[in-house]
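Engineer: Starting off with a structure, shown below.
The values are calculated or read from the model by the stated rules, or taken from the named source; none is laboratory data. Note that this is a predicted model, so its numbers are computed, not measured. Heads up, the Cβs are rebuilt from the backbone with ideal geometry, glycines too, and the neighbour counts pull from every protein chain shown. All accessible areas refer to the heavy atoms of the entire protein, side chains included, with ligands and DNA or RNA removed. Shrake-Rupley method; radii C 1.70, N 1.55, O 1.52, S 1.80 Å.
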Amino acid sequence: MNARIKDARPPGGFRRIAGPVVRVVTQALFLLTGLATTVLGFTWFVDGYHAVGAHRHAPACGTAAATPGTDCVLHESGKVTARKVNRNEDSTTYSLTVTREKAPKHTYDVGKAFYNDAKVGTDVDLAIFRGRVVELSYHGHRAENPITPWLTSFKVALLAGLGTLLTAHGLTWWRSGANSVPVVAGGFTAFVSFFGALVLMSTQWALALTLGLSVLGWLLLTAATTAATMDG
């Protein structure tokens, strides 16, 4: 009796069921991993954005708002000891070398008007945040010396590229003949994301706008990758 029931079952039935299930589960894992990787990348992007502009929202040291343990902006003076103009075919840049009393001298880029007014021997005001000069000012002129988030941009770019690769791969797993497309597109996404993150974190536009542009860019690149993979 049992033998007849076993013989009556369609041969390979379990394999026919297991195959699609495994494929769906694999696609879901790729997709979820890709999205999670991308979310982590955007989290680091937001952290980098806040790190670049942290001094703009920090209280001045010595004020009531600068409570113990709170990062604050310290103001001290520095003396201009050298000036330099760098000219090339595309642009002209102006820089001042400033010496501090308790720190080595350093050269900062400034605007033309700032450069013209700050002669050698001039005392300029320095805003210092976490031990680093973040702004110079003199007679209404201001020149920021922002952090350049190279490392954060690199890490964000890696996660964005990996997120595109995994997400597109999960959405198009059944297109086994076009699996190289997400890999190439992931590398391109990482390349674009590095420079995009560097610029967007440094410009310090409103966070909603900055993050919105970043998310939109990633979505467009990933959608194009998915479409190219399906057509491949």
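Engineer: Report, by residue number, each residue of the range 86-113 that is open to solvent by 50 Å² or more (accessible area, probe 1.4 Å) and more than 20 Å from residue 128 (Cβ to Cβ).
Structural biologist: 86, 87, 88, 89, 90, 91, 92, 93, 112, 113
Engineer: Residues of the range 108-139 being touching a Leu at 6+ places or on another chain (Cβ under 8 Å), closer than 29 Å to residue 50 by Cα and not in a strand (DSSP E or B), which ones?
Structural biologist: Correct list: 114 only.
Engineer: Of a type in the set (Phe, Trp, Tyr) and either open to solvent by less than 20 Å² (accessible area, probe 1.4 Å) or at pLDDT 95 or above (or both): is that true of residue 218 in this structure? Write out each step before concluding.
Structural biologist: Values: of a type in the set (Phe, Trp, Tyr): yes; either open to solvent by less than 20 Å² (accessible area, probe 1.4 Å) or at pLDDT 95 or above (or both): yes.
Yes, satisfied.
Engineer: A follow-up question, please. I'm trying to understand the selection: among the residues of the range 114-139, which are surrounded by 13 or more Cβ atoms within 10 Å (Cβ to Cβ) and over 22 Å from residue 102 (Cα atoms)?
Structural biologist: Across the range 114-139, the qualifying residues are 114, 115, 117.
Engineer: Quick one: which residue in 142, 83, 56 is of a type in the set (D, E, K, R), open to solvent by 50 Å² or more (accessible area, probe 1.4 Å), in a strand (DSSP E or B) and under 23 Å from residue 199 (Cα atoms)?
Structural biologist: Details: 83 fails: under 23 Å from residue 199 (Cα atoms); 56 fails: in a strand (DSSP E or B).
Selected residue: 142, the only one of 142, 83, 56 that is of a type in the set (D, E, K, R), open to solvent by 50 Å² or more (accessible area, probe 1.4 Å), in a strand (DSSP E or B) and under 23 Å from residue 199 (Cα atoms).
Engineer: If the requirement is being among the small types (Gly, Ala, Ser) and open to solvent by 40 Å² or more (accessible area, probe 1.4 Å), which of these qualifies: 66, 51?
Structural biologist: Details: 66 fails: open to solvent by 40 Å² or more (accessible area, probe 1.4 Å).
That would be 51, the only listed residue that is among the small types (Gly, Ala, Ser) and open to solvent by 40 Å² or more (accessible area, probe 1.4 Å).
Engineer: If you don't mind, another one. Given the condition part of a loop (DSSP other than H, G, I, E, B), free of Cβ contacts under 8 Å to residues at least 40 places away in the same chain and open to solvent by 20 Å² or more (accessible area, probe 1.4 Å), answer yes or no: does some residue in the range 149-159 qualify? So that I can check it myself, show each step before the final result.
Structural biologist: First, pick out the residues of the range 149-159 that are part of a loop (DSSP other than H, G, I, E, B): 149.
Of the ones still in play, those that are also free of Cβ contacts under 8 Å to residues at least 40 places away in the same chain are none.
No, that holds for no residue.
Engineer: Among (1) over 27 Å from residue 154 (Cα atoms); (2) in contact (Cβ under 8 Å) with a residue 12 or more places away in the chain; (3) not in a strand (DSSP E or B), where does residue 105 come up short?
Structural biologist: Every condition holds for residue 105 apart from (3).
Engineer: Just to check your reading of the model, which residue among 90, 109, 123 is in contact with a strand residue (DSSP E or B) (Cβ under 6 Å, 6 or more places away or on another chain) and within 27 Å of residue 193 (Cβ to Cβ)?
Structural biologist: Details: 90 fails: in contact with a strand residue (DSSP E or B) (Cβ under 6 Å, 6 or more places away or on another chain); 123 fails: within 27 Å of residue 193 (Cβ to Cβ).
Among 90, 109, 123, only 109 is in contact with a strand residue (DSSP E or B) (Cβ under 6 Å, 6 or more places away or on another chain) and within 27 Å of residue 193 (Cβ to Cβ).
Engineer: Can you pull out every residue in the range 22-40 that is among the polar types (S, T, N, Q), touching a Leu at 6+ places or on another chain (Cβ under 8 Å) and open to solvent by less than 40 Å² (accessible area, probe 1.4 Å)? Quick ask: steps written out before the conclusion?
Structural biologist: Residues of the range 22-40 that are among the polar types (S, T, N, Q), as a first pass: 26-27, 33, 37-38.
Applying the additional criterion that residues be touching a Leu at 6+ places or on another chain (Cβ under 8 Å) yields 27, 33, 37-38.
If the condition is that a residue be among the polar types (S, T, N, Q), touching a Leu at 6+ places or on another chain (Cβ under 8 Å) and open to solvent by less than 40 Å² (accessible area, probe 1.4 Å), then 27, 37, 38 are the ones that fit.
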